[in-house]
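What follows is a set of notes on a single structure, which appears directly below.
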Amino acid sequence: MMSTEAAPPSKPEQAPKGSTGLQSPKSYKNRRRLSRELALQGIYQWQIAGGSARDIDAQLQQVNFYGRADGSYFTDLLQGVLQHAPDLQTQLQSHLDRPMAELSPVECAILLIGAYEMAHHPEIPYRAIINEAIELAKSYGGTDGHKYINGVLDKLAARLRATELQQSPSRNRSPD
């Protein structure tokens with residue numbers, strides 16, 4: 001089981017001296033990444049031991065790096081995934097090569113987070129969602145789990161974000 005006291009794999013950017021207090025895009029990204037890491041831990045815990053979103057949320061708020069995460073985004077991810085888990089699993093299952101129950105709990109949790117963000121956070125580009133899921137899989141998943149995560153979420157994006165994919169410059173390039 002993932003330890004709630006484990007340090008995150010990457011440190012968030014510190015605001016430069018003399019800054020106005022506004023978060024740089026990199027700092028904001030790192031706060032979101034920490035939120036995803038906490039959500040991953042909470043969803044993993046829920047899969048293994050059960051429990052309510054409220055109890056898991058309260059427990060993870062005690063983790064030493066919680067203050068550097070985007071707390072409201074973490075809560076949204078955790079509660080949203082747990083609330084919508086059956087629907088998210090159904091959406092993901094059609095893109096899997098085996099039953100969801102046969103996936104590792106870590107990879108399953110990462111896929112649930114990615115599916116939730118694609119379905120409920122249209123303001124986040126699908127590529128950013130997939131990249132963040134890949135980074136989580138590289139840090140916490142099995143050796144080649146990130147490749148599997150990438151393939152599944154790419155297929156899900158084709159269905160949930162079809163309009164965004166059509167507007168993507170790299171998908172619309174004409175051959176030279």
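The values are calculated or read from the model by the stated rules, or taken from the named source; none is laboratory data. This is a predicted model, so every value here is computed, not measured. Quick note on the areas: whole protein, heavy atoms, side chains included, nothing else; ligands and nucleic acids left out. Shrake-Rupley method; radii C 1.70, N 1.55, O 1.52, S 1.80 Å.
Couple of notes before you dig in:
- Extension reserve of the Ala58-Lys155 stretch, reckoned as 0.36 nm per residue once the Cα distance is removed: 31.5 nm
- Rg and Dmax of the range 67-143, both derived from C-alpha coordinates alone, stand at 12.4, 38 Å.
- Accessible solvent surface per residue of the range 78-172, calculated while the other protein chains remain in place, 1.4 angstrom probe, Å²: 47
- Cα pair distances exceeding 17 angstrom across the range 23-158, given as percent: 55
- With DNA, RNA and ligands ignored, accessible area of Thr163 (1.4 Å probe; Å², nearest 10): 90
- With a 1.4 Å probe rolled over the protein heavy atoms of all chains, the accessible area of Leu38, Leu82 falls in the order Leu82, Leu38, largest first.
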